[in-house]
Structure formats: C-alpha cells, structure tokens
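Asker: I'd like to ask some things about the structure below.
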Amino acid sequence: MAYSLIKSLHLATIALTLALFVLRGAWMMAGSPRLQARWVRIVPHVNDTLLLSSGIALAVLIQQYPLVHGWLTAKFFALIAYILLGTIALKRGKTKAQRVAAWIAALLVFGYMVAVAMAHAPFPFGQ
Ligand code: HEM
C-alpha cells in the first residue's frame, strides 16, 4: 500500500521534473525571460525534493541502497551528474553552445536513470 503510493509519487515527480527541464531548456534556447519567473525558480525545487524523498523512501521499503546495490549506486552517481549538467544547462554555461550541449547530455543521463531503474541493473542496455 505505502509502496505503491510512494512509487506513484516517484513516477509522477519524475514526469514533472522531465517536463519542467524540457520547458526550461526551450526557454534557455529562446533566451526567454520566463526562465527567471518566480514560480520557475521554486516549483522545480519543491518537485525535486519530493522526487528525491520518494526515491529514498522506496529504497528503504525495498531495503536496497546506493553504495550497496549496483543499480542504486549507478542511479546515485547519475543523479549527481544530472544535477551538475542541469545547472550548467540552465545557469552556469558560459555560451549557448555549452548550455545546449549540457542540456542534451542531462537528458541522456536522465534516460539512463530510467533504464537503470526499470532493469535494476547499472548496465541496462543490451541485456
Ligand atoms: C531523476 C531522478 C530519478 C529518475 C529518473 C528515477 C526513475 C525511476 C523509475 C522510472 C522507477 C520505476 C522503475 C520500475 O518500473 O519499477 C524508479 C523506481 C525507484 N527509484 Fe527512482 N528515479 C530517480 C531518482 C531516484 C533516487 C534519488 C532514488 C534513491 C536513492 C531512487 C530510488 C528508486 C527506488 C528504490 C525505486 C523502486 C524500484 C522497485 O521497487 O522496483 N530513485 N525510479
């Protein structure tokens, strides 16, 4: 019961974080001031906190942990890479080319995390 509720929250926050990241990437490429809107600077952080919390709760429920189980270790390091690439894409990148490259790389890392989660394996492709 708790597991399926939390998993639904995890999946819903994953969908929302992806949608917001794609949208902000489009605004970044268009040079839109909407990227600086107040809600755009708040909502993704609230959602990402729920995403992380639900992931940690699921890990506790299934008793599998980063740095103990390979697939969650891979997810953990991929999450760090995703966050770093995301800040370069939306904030820190010095040129637009850098920001766009970081945005594409962040999306690839995100796809890797979904594949890792579905396969429960750190090398999910070609299995
Ligand atoms: C951008 C970040 C994340 C993405 C894209 C993501 C993706 C996913 C997906 C797609 C699933 C469902 C897999 C299935 O079909 O069963 C899942 C489940 C899960 N995730 Fe995440 N996740 C993220 C962050 C995290 C974090 C930070 C943790 C905790 C360290 C975590 C831990 C888990 C656990 C424990 C499950 C349950 C697996 C199971 O019971 O089979 N996730 N994640």
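Derivation of every value follows stated rules applied to the coordinates shown; laboratory data play no part. Quick caveat: nothing in here was measured; it's all calculated off a predicted structure. All Cβ positions, even for glycine, are placed from backbone atoms using ideal geometry, and neighbour counts span all protein chains on display.
Asker: Looking only at Ala37, Ala78, Ala105, which one moves most when the chain is put into a Gaussian network model with springs between Cα atoms under 10 Å?
Answerer: Ala37
Asker: Here is a further query. What list of ³J(HN,Hα) couplings, whole Hz, do you get for segment 120-125 from phi and the Karplus terms 6.51, -1.76, 1.60, once you set θ to phi - 60° and write x for glycine and proline?
Answerer: My calculation for segment 120-125 gives 6, 9, x, 10, x, 8 Hz in order.
Asker: FRET efficiency for Gln36 and Ala101, Cβ-Cβ distance as r, R0 = 25 Å, nearest 0.05?
Answerer: E(calc), rounded to 0.05, equals 0.70.
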